[in-house]
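Okay, structure first, notes after.
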Amino acid sequence: MSDKDKSDPIEKERENRTVRELTPVSARLIFEAIHREGDEELNRPKGALWWSGIAAGLLIAFSVWGEALLRASLPDTEWRYILENFGYSLGFLLVILGRMQLFTENTITTVVPLVMKPAFITLSRVARLWTIVLTANIVGAFIVASFLAFAPVLTPELRAAMTDLSLHATGMPAIEGLMRGIPAGVLIAALVWMLPGAGNGGLMLIVVITWLIALGDFTHIIAGSVEMAFLLVQDQLGLQQALFGFFVPVLVGNIIGGTLVFTLLTSAQIKPEIQEQSDRM
């Protein structure tokens, strides 16, 4: 390249653009993107949160449906378990790419504004959003579970597969459900953290992370609530076991994994950097 080319402003701009494209997004910028998203979520109207949460509760059922479809369709071999768990990703793809309100996914981002500027008003707004989204997700889960249970949409083989999956998800001891909910919460939080910098690889990232949740037999409160509701509406699960054997322990586990373990630790590593930058300004 000649000296003239090196001093060419257009060529320099091309080089700078290439460097920016090849440079990974910094942790601080990712954190700032999540921070802003959290602020936006906290300012959304109640009605928008409610109906988005209902839609998420309905569509997350495709995780259970997809997994059951693969189980019923694949031969009973040692490797079937590995492949059937890819079906679990379907509902998460629909919900996350559709930007719907899913507890443990959208709700994680709202904790960041609270961590950065702790205040009672922010805490009350976070609690408001969590309550609306969780309730709406559960309502959606019961609607779709009732549809699956009573509408003629499931073949006998598919119904048996869905019943087996549901009994397994809701039948483990409460302490085990809680402990298995922690890594599920961590993985969903990791997904939230990585998506802003994933670019065109976002779809594959969602598939891999949610497949790992299913493969590891970790528990997710909303996808699992579809299975819980599927059994409850058919009187195949007692209310006490549903609430205290599954729902509450898994909810606590997801919150510990997604909020306390991941989000707070992530905030801790970024907050000093942001504070240092603010002091310089």
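The values are calculated or read from the model by the stated rules, or taken from the named source; none is laboratory data. Source: prediction; values computed, not measured. So basically every Cβ, Gly included, is an ideal-geometry build from the backbone, and we count neighbours across all protein chains shown.
The set of residues from region 185-238 being within 18 Å of residue 94 (Cβ to Cβ) and touching a Pro at 6+ places or on another chain (Cβ under 7 Å) is empty.
In summary, residue 151 fulfils each of the numbered conditions (1) over 21 Å from residue 34 (Cα atoms); (2) touching a helix residue (DSSP H, G or I) at 6+ places or on another chain (Cβ under 7 Å); (3) not acidic (Asp, Glu) with the single exception of condition (2).
Can you spot a residue in region 207-214 that is among the hydroxyl-bearing types (Ser, Thr, Tyr), out of contact with any strand residue (DSSP E or B) (no Cβ under 9 Å at 6 or more places or on another chain), at pLDDT 95 or above and crowded, with 23+ Cβ neighbours inside 10 Å? Within region 207-214, one or more residues are among the hydroxyl-bearing types (Ser, Thr, Tyr), out of contact with any strand residue (DSSP E or B) (no Cβ under 9 Å at 6 or more places or on another chain), at pLDDT 95 or above and crowded, with 23+ Cβ neighbours inside 10 Å.
Could you check, for region 112-121, whether at least one of its residues is modelled with pLDDT under 90, under 24 Å from residue 200 (Cα atoms) and not in a loop (DSSP other than H, G, I, E, B)? No, region 112-121 has no match at all.
Among the residues that make up region 70-87, is at least one of them in a helix (DSSP H, G or I), of a type outside the set (S, T, N, Q) and either touching a His at 6+ places or on another chain (Cβ under 8 Å) or over 20 Å from residue 208 (Cα atoms) (or both)?
yes
Please indicate, with yes or no, whether at least one residue in region 113-120 is buried (at least 18 other Cβ atoms within 10 Å of the Cβ) and touching a Lys or Arg at 6+ places or on another chain (Cβ under 7 Å). Reasoning before the result, please.
Here is the first cut: in region 113-120, the ones buried (at least 18 other Cβ atoms within 10 Å of the Cβ) are 113-115.
Now restrict to residues that are touching a Lys or Arg at 6+ places or on another chain (Cβ under 7 Å): none.
Within region 113-120, not a single residue is buried (at least 18 other Cβ atoms within 10 Å of the Cβ) and touching a Lys or Arg at 6+ places or on another chain (Cβ under 7 Å).
If you go through region 226-275 and keep only what is more than 22 Å from the chain's Cα centre (by Cα), free of Cβ contacts under 8 Å to residues at least 12 places away in the same chain and in a helix (DSSP H, G or I), you end up with 239, 240, 272, 275.
Any residue at all in region 27-47 that's of a type in the set (Phe, Trp, Tyr) and modelled with pLDDT under 85? Looking through region 27-47, at least one residue is of a type in the set (Phe, Trp, Tyr) and modelled with pLDDT under 85. Close contacts from region 132-161, counting a first residue that is farther than 29 Å from residue 47 by Cβ and a second that is basic (Lys, Arg), with Cβ to Cβ under 6 Å and a gap of 6+ residues or different chains, come to 161/71.
Condition check for residue 128 on (1) surrounded by fewer than 16 Cβ atoms within 10 Å (Cβ to Cβ); (2) basic (Lys, Arg); (3) touching a Ser or Thr at 6+ places or on another chain (Cβ under 6 Å): one failure, at (3).
Tell me, which residue of region 197-225 that is more than 15 Å from the chain's Cα centre (by Cα) and not in a helix (DSSP H, G or I) is farthest from residue 62 (Cα to Cα)? First the steps, then the outcome.
As a first pass, look at region 197-225 and keep what is more than 15 Å from the chain's Cα centre (by Cα): 197-201, 215-217.
When the remaining residues are screened for being not in a helix (DSSP H, G or I), the result is 198, 216-217.
Values: 198: 24, 216: 19, 217: 17 Å.
My answer is 198.
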